[in-house]
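What follows is one structure encoded as structure tokens, with my remarks underneath.
The values are calculated or read from the model by the stated rules, or taken from the named source; none is laboratory data. This is a predicted model, so every value here is computed, not measured. Every residue, glycine among them, receives a Cβ derived from its backbone with ideal geometry; neighbour counts consider all protein chains shown. Calculation scope for accessible area: heavy atoms of the full protein, side chains included, ligands and nucleic acids excluded. Shrake-Rupley method; radii C 1.70, N 1.55, O 1.52, S 1.80 Å.
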Amino acid sequence: QVQLVESGGGLVQAGGSLRLSCAASGNTCNINTMCWYRQAPGKQRELVATMTGGDNTNYADSVQGRFTISRDNAKNTVYLQMNSLKPEDTAVYYCKIVQAPFIYWGRGTQVTVSS
């Protein structure tokens, strides 16, 4: 079992920055992929950023060049640095990890960007 706890969300003005953290605890061996998703009110959850075990990264077109996913293996933590935030980035952000064959989700952290 793996437990995930997100932090770092909050209220920020457009153009500002936030860094989200997702700390994993429990059986954290052999974690393959770490991702960030988000879900805005009335919308489906969407994939924002992915980092594989080989540290390859992928981003949604809407955040490319503004968001950066990274990980600290020693701390079992994945980060999402969010710069140049826009009101449309407002959502609950969730981290997800894949520890094949299992998938674990955090409970989410709210990010609100005011115009």
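Please report, in debye to the nearest 20, how large the charge dipole of the chain is about its Cα centre when each Lys and Arg carries +1 at its beta carbon and each Asp and Glu carries -1 there.
So the magnitude is around 140 debye.
Report Cys35's accessible area, 1.4 Å probe, all protein chains in place, as a number in Å² to the nearest 10.
Taking all protein chains as shown, Cys35 has close to 10 Å².
So for the chain, what percent of the C-alpha to C-alpha distances run longer than 16 Å? If you can, show how the numbers build up before the last one.
Working: 3641 of 6555 pairs.
So the portion of pairs separated by more than 16 Å is 56 percent.
Can you tally the net charge around Ser21? Count Lys and Arg as +1, Asp and Glu as -1, for every other residue whose Cβ sits under 11 Å from the Cβ of Ser21.
On the way: positive: Arg19, Arg71, Lys75; negative: Glu6, Asp72.
Cβ neighbours under 11 Å give a net charge of +1.
Note down the net charge around Cys95, summing +1 for each Lys or Arg and -1 for each Asp or Glu among other residues with Cβ under 11 Å from its Cβ.
In short, +3.
With Cβ to Cβ distances under 14 Å as the rule, what net charge do the other residues near Met34 carry (K, R +1; D, E -1)? If you can, show how the numbers build up before the last one.
Details: positive: Arg71, Lys75, Lys96; negative: Glu6, Asp55, Asp72.
Combined, the nearby Lys, Arg, Asp and Glu give 0.
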